Amino acid sequence: MSGFSASDHAWMSRALQLAEQGRWSCDPNPRVGCVLVRDGVCIGEAGHRRAGEDHAEIRAIAAAGGDTAGATAYVTLEPCSHYGRTPPCADALIEAGIARVVAGATDPNPRVAGRGLERLREAAVAVASGLMAAQSEALNPGFFRRMRGGLPWVRAKLAASLDGRTAMASGESRWITEPPARRDVHRWRAASSAIVTGVDTVIADDPALTVRDVDGEFRPPRRVVIDTDLRTPPDAGLLADQQGVVLIHGGTMPARETDLVHAGAELWQVATDEDGHVAPAAALEALAAAEINEVWLEAGPRLTGAWVQAGVVDELIIYLAPHLMGHEGQPLLALAGLASMDDRLALRRTDSRWVGEDLRLTFCLHDDEDV
């Protein structure tokens, strides 16, 4: 965007680095950073760390020791203008005597949506917005998606052999990838609001769906099972550990509900699709209503394929291992109805890198303008 200096870009880049510090801990709030600058010198900076605690702007003002009159505030997201878990940041900037505010993205929250910037202007604070807005949005894809469209951002994780197999014909799948890739998966889990799997995976693998081998503070993601007919065993490991699990189902089954509630499950009933399965969009709407921003989908080929074909998956993160498992193994995805080359699903590669001996490929399933 024109009208910003090289110095403006440099300070906003620093604010984005600070926002990154809250990647694992500030959910369901957006990741935000703030830098206070006066006479070309940073006098205070901070990132938002945890929901319910001071936002980045308040922490930056505190870091400056209160001596902030005449400073410029670089904030990656429009300062809030409403009372939520904390007071409005726009008011705090005004009271601190900030002379200029440079904002990145406009807050998509309908409770803000330009009102924070307007409040600053009314108080005679010079305001400029839109600087590195795309980077701010990229740091908070789930928050922006939830506020704009009522759905979380969905990443589907897949691990496969070079010939695209996710398990042997017998169902054996441990381990396809090497320890570095598995540790990388746990870092993605830690940065997510919820880990979602299907009941078939629970029955076959009895997964824990927890975060392990991750250093630093993080907010444990919610664990969610898509279980249309409530087939989750009451003695499943993810119920036995008493860390909480949500079962999203499609109908009333009193006997099963009673057993699962007694085992510690939280039951959410949502609409089903024409095939009688939990409708992907309905499940995600329920998660968004619970302030889930980013979903990590770690399920089998049928559920993942169904969500891809329903158009609710935003990214595919695929770990390819350098070995072959044979044509009788389970496929990467179960995608029905692709009869001709014209039916292919187009993917846009956004990243590729080696994680140990495994190749991690990231694909976006939509165009930028669809976000």
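Considering the conditions (1) outside any loop (DSSP other than H, G, I, E, B); (2) of a type outside the set (A, V, I, L, M); (3) over 30 Å from residue 99 (Cα atoms); (4) in contact with a helix residue (DSSP H, G or I) (Cβ under 8 Å, 6 or more places away or on another chain), residue 136 is excluded by exactly one of them, (3). On the stretch given as the stretch 139-163, residues that are in a strand (DSSP E or B) and open to solvent by 10 Å² or more (accessible area, probe 1.4 Å) total 4.
You will find that of 166, 197, the residue that is at pLDDT below 95 and not in a loop (DSSP other than H, G, I, E, B) is 166 and no other. Exactly one residue out of 243, 269 is modelled with pLDDT of 95 or more, of a type outside the set (Phe, Trp, Tyr), over 26 Å from residue 365 (Cα atoms) and open to solvent by 60 Å² or more (accessible area, probe 1.4 Å), and it is 269. Across the stretch 104-118, the qualifying residues are those that are over 20 Å from residue 62 (Cβ atoms) and not in a loop (DSSP other than H, G, I, E, B), and the one among them that is most open to solvent (accessible area, probe 1.4 Å) is 115. Of the residues making up the stretch 312-347, those that are among the small types (Gly, Ala, Ser) and within 30 Å of residue 282 (Cβ to Cβ) are 334, 336, 337, 339, 346.
To keep it simple, each residue is scored yes or no on (1) touching a Ser or Thr at 6+ places or on another chain (Cβ under 9 Å); (2) charged (D, E, K, R); (3) over 29 Å from residue 38 (Cβ atoms).
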| residue | (1), (2), (3) |
| --- | --- |
| 97 | yes, no, no |
| 107 | yes, yes, no |
| 118 | yes, yes, no |
| 134 | no, no, no |
| 142 | yes, no, yes |
| 172 | no, yes, yes |
| 185 | yes, no, yes |
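Out of 238, 303, 230, one residue alone is under 23 Å from residue 171 (Cα atoms) and not in a helix (DSSP H, G or I). It is 230.
When each of 312, 308 is tested for being under 28 Å from residue 137 (Cβ atoms), in contact (Cβ under 8 Å) with a residue 24 or more places away in the chain and in a loop (DSSP other than H, G, I, E, B), the lone residue that passes is 312.
The rows are residues; the columns are (1) more than 19 Å from residue 313 (Cα to Cα); (2) of a type in the set (A, V, I, L, M, F, W, C); (3) touching a residue at least 12 places away in the same chain (Cβ under 8 Å); (4) open to solvent by less than 60 Å² (accessible area, probe 1.4 Å).
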site	(1), (2), (3), (4)
171	yes, no, yes, yes
175	yes, yes, no, no
187	yes, no, yes, no
194	no, yes, yes, yes
200	yes, no, yes, no
203	yes, yes, yes, no
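Residue pairs whose Cβ atoms lie under 9 Å apart, separated by 6 or more positions or on different chains, with the first residue in the stretch 339-351 and touching a residue at least 24 places away in the same chain (Cβ under 8 Å) and open to solvent by less than 90 Å² (accessible area, probe 1.4 Å) and the second of a type in the set (Ser, Thr, Tyr) and part of a strand (DSSP E or B), are 350/362.
Of all the criteria given as (1) closer than 28 Å to residue 187 by Cβ; (2) touching a Ser or Thr at 6+ places or on another chain (Cβ under 9 Å); (3) open to solvent by less than 40 Å² (accessible area, probe 1.4 Å); (4) assigned to a loop (DSSP other than H, G, I, E, B), the one not satisfied by residue 318 is (4). If the condition is being part of a helix (DSSP H, G or I) and closer than 30 Å to residue 151 by Cβ, then the stretch 79-103 contributes 89, 90. Of all residues in the stretch 249-285, those satisfying the criterion of being assigned to a helix (DSSP H, G or I) and within 17 Å of residue 232 (Cβ to Cβ) are 254, 255, 256, 257, 258, 259, 260, 261, 262, 283. Just one of (1) under 22 Å from residue 141 (Cβ atoms); (2) open to solvent by less than 60 Å² (accessible area, probe 1.4 Å); (3) of a type in the set (D, E, K, R) fails for residue 50. It is (2).
The values are calculated or read from the model by the stated rules, or taken from the named source; none is laboratory data. Remember, it's a predicted structure, so these values are computed and weren't measured experimentally. With ideal geometry, Cβ positions are generated from the backbone for all residues, glycine too; neighbour counts draw on all protein chains shown. Side chains are part of the model used for accessible areas, which takes the heavy atoms of the whole protein and leaves out ligands, DNA and RNA. Shrake-Rupley method; radii C 1.70, N 1.55, O 1.52, S 1.80 Å.
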